[in-house]
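*Asks:* Here it is: the structure, laid out below.
The values are calculated or read from the model by the stated rules, or taken from the named source; none is laboratory data. Please read these numbers as outputs of a predicted model, since none were measured by experiment. A quick note on method: Cβ atoms are made from the backbone with ideal geometry, for glycine too, and the neighbour counts reach across all protein chains shown. These area figures cover heavy atoms from the full protein model, side chains too; ligands, DNA and RNA do not enter into them. Shrake-Rupley method; radii C 1.70, N 1.55, O 1.52, S 1.80 Å.
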Amino acid sequence: MTGLQQIIDRRLSGKNKSIGNRERFLRRYKDQIREAVRRAVDKRGIRDMERGEDVHIPKRDLSEPVFSHGEGGIREVVRPGNTEHIKGDRIGKPQGGQGGGGGSQASDSGEGEDDFVFHLSKEEFMQVFFEDLALPNLARTTLAETPEYKTVRAGYVTDGTPTNLHVVRSMRGALGRRIALGMEKRRELHELEARLQTLTQEEDARKPEVQALIAETEARIVLLRQRLSNIPFLDPIDLRFRNRIKVPQPTTRAVMFCLMDVSGSMDESRKDLAKRFFILLYLFLTRHYEKIDVVFIRHHTQAQEVDEQNFFHATETGGTVVSSALVLMEEIIRARYPSGDWNIYGAQASDGDNWHHDSGRCRELLADKILPLCRYYAYVQVAEAEQNLWEEYAKLEEDVPHFAMRKAVEVAQIYPVFRDLFKKEGAAA
């Protein structure tokens, strides 16, 4: 009897032996994983991006390689019979309405029995998101005046706290000291013991002169043994303590300035577009820098530094003077983030509306004050209409390589725009 066979390799790998299989899996379902990563960005805050994500893959998208018999050949098949029905009987529907199959069950969370769910680690999450992007002008600034220190081992010292005492090293030193100090005495002691044994075994051992020599030898043996016993088992000079010193470690850090127009023309949908862009930039910078500060500057006719909550959710009315935000950004850089110690990045979001006479000043401030201090500056307009601010900024884009500007008027455009701004040289966005 020959039946249909399927061979599926589901062997479990041991510890740290499934890395290759996982990488192949990630490559195979890259589209589904990318989509899950994009959805995750929509639900998180700027500082809430440094964690993994659960990825759901529908069962219909899962397939496994199988081996099966081809067409043709002679086959014998045994089919099961029954004792309830004969040819021509009509079989009724199952009762109870529950169904007999193992299909998926409804769920209000988007996860059913037919979904394959696995956790994407933080490293994998970021790798998928930024696998083909790079920071322009990535010449990191090293902290020369304010380095960070790392504690490292630096051998052993003879003085220290009891908690740093190295018992084995101390006992080893004590043993070596006792051997060195008692070496000559032990050699002499062995010689005297051998002489004493020889003297006591001689035939004339009872002679007065031999007895005197024996007594002298025994006295010397006692003295040597006493001196050997007086050698201390553990001396303060034997103690060895672990020594740790602080070594300056060159490090890099960045500050990210988020500038956003919060005037009456910036509604919640446009703020949401700006938030998504800021999130992407922050998450991207965490892949390249050990420490990142985020400075939120909101402006209408006046600018102020605020926290993240007020930055995205507080409402304002009135006109727009964009230059107030650029002036405040320069003041904060000069006061807290000198360009010699920090890698400075700027991201500005606006609908393009600005007081007409202020746009030219914005261009001058960027060209003369801000851009010389920044590694990269990106302007995203969350409105389609090109107003005077866009026209003034367009003059800078032609001459300044580390300044870029794009439009994003829909949620679906944020990610492509971001990839276009930070794509690797020669790579497609």
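*Asks:* In this structure, does Leu224 turn out to be more than 30 Å from Thr163 (Cα to Cα) and either surrounded by 15 or more Cβ atoms within 10 Å (Cβ to Cβ) or among the small types (Gly, Ala, Ser) (or both)?
*Replies:* Working: more than 30 Å from Thr163 (Cα to Cα): yes; either surrounded by 15 or more Cβ atoms within 10 Å (Cβ to Cβ) or among the small types (Gly, Ala, Ser) (or both): yes.
Spelling it out, Leu224 is indeed more than 30 Å from Thr163 (Cα to Cα) and either surrounded by 15 or more Cβ atoms within 10 Å (Cβ to Cβ) or among the small types (Gly, Ala, Ser) (or both).
*Asks:* While we're looking at this one, here's another question. I'm checking my understanding of the structure. Among residues of the stretch 336-368 that are of a type in the set (D, E, K, R) and open to solvent by 10 Å² or more (accessible area, probe 1.4 Å), which one is modelled with the lowest pLDDT? Walk me through it before giving the result.
*Replies:* Filtering the stretch 336-368 down to residues of a type in the set (D, E, K, R) leaves 336, 341, 351, 353, 358, 361, 363-364, 368.
Now drop any that are not open to solvent by 10 Å² or more (accessible area, probe 1.4 Å), which leaves 336, 341, 353, 361, 363-364, 368.
Working: Arg336: 91, Asp341: 78, Asp353: 84, Arg361: 91, Arg363: 90, Glu364: 91, Asp368: 91.
Among those that are of a type in the set (D, E, K, R) and open to solvent by 10 Å² or more (accessible area, probe 1.4 Å), it is Asp341.
*Asks:* Only residues that are hydrophobic (A, V, I, L, M, F, W, C), touching a Phe, Trp or Tyr at 6+ places or on another chain (Cβ under 8 Å) and surrounded by fewer than 18 Cβ atoms within 10 Å (Cβ to Cβ): list them for the stretch 296-325, please.
*Replies:* Val306
*Asks:* Quickly run through the stretch 285-333 and pick out the residues that are over 25 Å from Ala367 (Cα atoms) and part of a helix (DSSP H, G or I).
*Replies:* Glu308, Gln309, Asn310, Phe311, Phe312, His313
*Asks:* Suppose the filter is over 30 Å from Tyr376 (Cβ atoms), among the aromatic types (Phe, Trp, Tyr) and in contact (Cβ under 8 Å) with a residue 12 or more places away in the chain; does Phe241 pass it? Walk me through how you get there before you give the answer.
*Replies:* Working: over 30 Å from Tyr376 (Cβ atoms): yes; among the aromatic types (Phe, Trp, Tyr): yes; in contact (Cβ under 8 Å) with a residue 12 or more places away in the chain: yes.
For Phe241, the condition - over 30 Å from Tyr376 (Cβ atoms), among the aromatic types (Phe, Trp, Tyr) and in contact (Cβ under 8 Å) with a residue 12 or more places away in the chain - is met.
*Asks:* Within the stretch 375-406, can you find the residues that are of a type in the set (A, V, I, L, M, F, W, C), buried (at least 16 other Cβ atoms within 10 Å of the Cβ), without any contact (Cβ under 8 Å) to a residue 60 or more places away in the chain and in a helix (DSSP H, G or I)?
*Replies:* Trp390, Leu396
*Asks:* With respect to Asp293, determine if the residue is among the acidic types (Asp, Glu), at pLDDT below 90 and open to solvent by less than 40 Å² (accessible area, probe 1.4 Å). Spell out how you get there, then give the answer.
*Replies:* Values: among the acidic types (Asp, Glu): yes; at pLDDT below 90: yes; open to solvent by less than 40 Å² (accessible area, probe 1.4 Å): no.
It is false that Asp293 is among the acidic types (Asp, Glu), at pLDDT below 90 and open to solvent by less than 40 Å² (accessible area, probe 1.4 Å).
*Asks:* May I ask you to verify whether Ile214 is within 29 Å of Thr320 (Cα to Cα) and without any contact (Cβ under 8 Å) to a residue 60 or more places away in the chain?
*Replies:* Details: within 29 Å of Thr320 (Cα to Cα): no; without any contact (Cβ under 8 Å) to a residue 60 or more places away in the chain: yes.
Criteria not met by Ile214.
So that you can scan it fast, the table gives a plain yes or no per residue for (1) surrounded by 10 or more Cβ atoms within 10 Å (Cβ to Cβ); (2) β-branched (Val, Ile, Thr); (3) modelled with pLDDT of 65 or more:
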residue: Leu133; (1), (2), (3): yes, no, no
residue: Leu143; (1), (2), (3): yes, no, no
residue: Pro147; (1), (2), (3): yes, no, no
residue: Val152; (1), (2), (3): yes, yes, yes
residue: Gly160; (1), (2), (3): yes, no, yes
residue: Asn164; (1), (2), (3): yes, no, yes
residue: Val167; (1), (2), (3): no, yes, yes
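The rows are residues; the columns are (1) of a type in the set (D, E, K, R); (2) touching a residue at least 60 places away in the same chain (Cβ under 8 Å).
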position	(1), (2)
Leu328	no, no
Ile332	no, yes
Tyr337	no, yes
Trp342	no, yes
Asp351	yes, yes
Ser359	no, no
Leu373	no, no
